[in-house]
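Right, one structure below, let's go through it.
Derivation of every value follows stated rules applied to the coordinates shown; laboratory data play no part. Just so we're clear, the structure is a prediction, and the values are computed from it rather than from any experiment. Note that each Cβ is placed from the backbone with ideal geometry, even for glycine, and that neighbours are counted across all protein chains shown.
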Amino acid sequence: MNVKAKKGLLHVLFWIALLVLWQLASLIYGPEILPGPIYTAKGGYELLSDGTLLQYIGISAYRVLLGWTLGSLIAVPVGIVIGKVGVIRIFAEPFLNFIRFIPPIAFITLFLVWFGIGETSKVMLIMYATFFIVILNTLTGVMSVEEDKIRSARSMGASEWQIVIHVVIPATVPFIFTGIRLAMGTSFMAIIGAEMIASNEGVGYLIWNSRLFFRTDWIFVGLICLGLMGFITDRVVAMLGRKALSRYGVVSTTSLKR
């Protein structure tokens, strides 16, 4: 058996052992407190049958992808400007280091007041969750560019704009990509909090609303869906980054081999 086959077998055995332990814990505590995999699967099938689950997954995914994309597109150029312009950086860095410690969920009430209870407040919340992570990683990348590279470009007659395009941005791409991937996880946390408090649709709403019916199996279905959504999205982003940005030194963790 080759190494790849052994690795696959170990993964299968791990998940089987995890399911067995989960089922045993369910038998000890009772399905009302800790629903086992069979009970959870039945709850998932129930939600799939009436179309609720797929609808809520689609709504949450749309909100996350929209806010995450918009936040990333805005944060990257802002981070580059802050990193390159010293005067702006002097004022921006203290503000960024202050506000990044305020979690997105703390702004839910304010965003509802400012943007209403519709989609705008939820998308803006995800943009906030994405913006500061991406901007800080971008800023770190710009500040990490070796001065020798910039001096070499200047000695060959490159303008400041050409230095940014051909030296700074290529060197910063791995940092930007890392920030974008990290922001995806924060975006999921933000949308779940928003959907629990101010929504009647989405996976967060499903998890929160299930408590009213004491349907812990639905709660577990929602948690599993969140994990799968995040896992699949991260793998897709990693694959695209590996294919499109490999020349900039971007290497996905999924492509690393021991």
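Students often get this wrong, so check it: of Lys4/Lys42; Lys84/Lys243; Lys6/Lys42, which have C-alpha atoms separated by over 30 Å? The partial results should precede the final answer.
Values: Lys4/Lys42 34 Å; Lys84/Lys243 28 Å; Lys6/Lys42 32 Å.
Cα-Cα > 30 Å for Lys4/Lys42; Lys6/Lys42; rest within.
If I require 30 Å or longer along the helix axis, counting alpha carbons, and a Kyte-Doolittle average no lower than 1.0, what helices from the chain are left? Use full DSSP H segments.
Numbers: long enough: 3-29 (39 Å, 1.39); 52-84 (48 Å, 1.32); 119-143 (36 Å, 1.38); 169-197 (41 Å, 1.41); 216-244 (42 Å, 1.14).
Membrane-span-like by this rule: 3-29, 52-84, 119-143, 169-197, 216-244.
At 222 nm, what value in deg cm²/dmol follows for the chain if DSSP H runs of at least 4 each add -39500 (n - 2.57) and the sum is divided by all its residues, to the nearest 500?
Numbers: 11 runs with 198 residues, N = 258.
The helix-only estimate for the chain comes to -26000 deg cm²/dmol at 222 nm.
Of the listed values [x] 1.23; [y] 1.13; [z] 1.02, grab the one calculated as Cα Rg over 2.2 N^0.38 Å from the structure here.
Looking at Cα Rg over 2.2 N^0.38 Å for this model, the match is [x].
Let me have the relative contact order for the range 1-160, percent, based on Cα pairs under 8 Å that are six or more residues apart. List each step's numbers first, then the result.
Working: 93 pairs, mean separation 38.1, N = 160.
Relative contact order of the range 1-160: 24 percent.
Lys122: which aspartates and glutamates have alpha carbons under 13 Å from its alpha carbon, excluding same-chain residues fewer than 8 sequence positions away?
Within reach: Glu195, Glu201.
Once you charge only the Cβ atoms, +1 for Lys and Arg and -1 for Asp and Glu, what is the size of the charge dipole of the chain about its Cα centre, to the nearest 20 debye?
On the way: 21 positive and 13 negative charges, 206 e Å.
Magnitude of the dipole: close to 980 debye.
State which stretch of the chain is the longest one without any exposed chymotrypsin sites (Phe, Trp or Tyr not before Pro), exposure meaning a DSSP loop state and at most 14 other Cβ atoms within 10 Å.
On the way: sites that count: Phe101, Phe214.
Counting only loop sites that pass the neighbour cut-off, the longest clear stretch is 102-213.
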